[in-house]
Amino acid sequence: MRGHAGAIELDGVDAMNDVIIRPEAAPDHSMIRQVNEAAFGCADEANLVEALRAEGVVMLSVVADLDRLIVGHILFSRMSIETLTEVVEAVALAPMAVLPRYQRQGIGGRLIRYGLDTLHGLGERIVIVVGHPSYYPRFGFSTEQTRSLESPFPPEAFMALELSPGALDRIRGRVRYPPPFGL
């Protein structure tokens, strides 16, 4: 059923208006794990989130909170691009998860926009994602931005977004993810 502004209502819940997007808090950790396990059907991404926290490289972790139930989560961590002459700081977007029952209601998009706006406000310049080629471009991510970057990922899924225009101009190098990514 459709609710306000085209949002989908699920059992009387308007996901676009009733869900609060906010930074994670320590009490959210167990629910964040459950969201990642449910969304991905395994523990890999949930384990990655915990390992990134333990490594101390989390830049931003954001949840979608529906009346104290965490229904979505996104995590941004520090990564870098190693060029011949310098190391350029960047941010990895991974993982992003929404409980299956709440998918396709705009929650993921709200998590992404909140995260990108926050990172921009913190002065971050580059965000990199490996994801669905038909989904992330709507937020400004582009495979064009990664053509001069070396990565182990399929080029159609490896995308970047400049939070600061020109941040990737003349940057050529290899991306380096934190050790928990296992790359």
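List of remarks:
- Residue match in the stretch 88-95 (condition: open to solvent by 30 Å² or more (accessible area, probe 1.4 Å) and either modelled with pLDDT of 95 or more or farther than 30 Å from Gly173 by Cα (or both)): yes
- Some residue of the stretch 117-127 being of a type in the set (Asp, Glu), modelled with pLDDT of 95 or more and touching a Gly at 6+ places or on another chain (Cβ under 9 Å): no
- Selection of the stretch 132-162 for residues being in a loop (DSSP other than H, G, I, E, B) and crowded, with 19+ Cβ neighbours inside 10 Å yields only Phe141.
- In the set (1) buried (at least 19 other Cβ atoms within 10 Å of the Cβ); (2) over 19 Å from Ser164 (Cβ atoms), Gln103 fails one condition alone, (1).
- Close pairs from the stretch 64-81: first among the hydroxyl-bearing types (Ser, Thr, Tyr), partner outside any strand (DSSP E or B) and crowded, with 24+ Cβ neighbours inside 10 Å, Cβ under 9 Å, at least 6 apart: Ser77/Leu52
- Yes/no for Val58 being touching a Leu at 6+ places or on another chain (Cβ under 6 Å), open to solvent by 10 Å² or more (accessible area, probe 1.4 Å) and either closer than 28 Å to Arg170 by Cβ or not small (Gly, Ala, Ser) (or both): yes
The values are calculated or read from the model by the stated rules, or taken from the named source; none is laboratory data. Values in this document were obtained by computation on a predicted structure and should not be read as measured data. Don't worry about glycine lacking a Cβ; one is built from the backbone with ideal geometry, like all the others, and counts go over all protein chains shown. Only protein heavy atoms, including side chains, enter the accessible area calculation; ligands, DNA and RNA are left aside. Shrake-Rupley method; radii C 1.70, N 1.55, O 1.52, S 1.80 Å.
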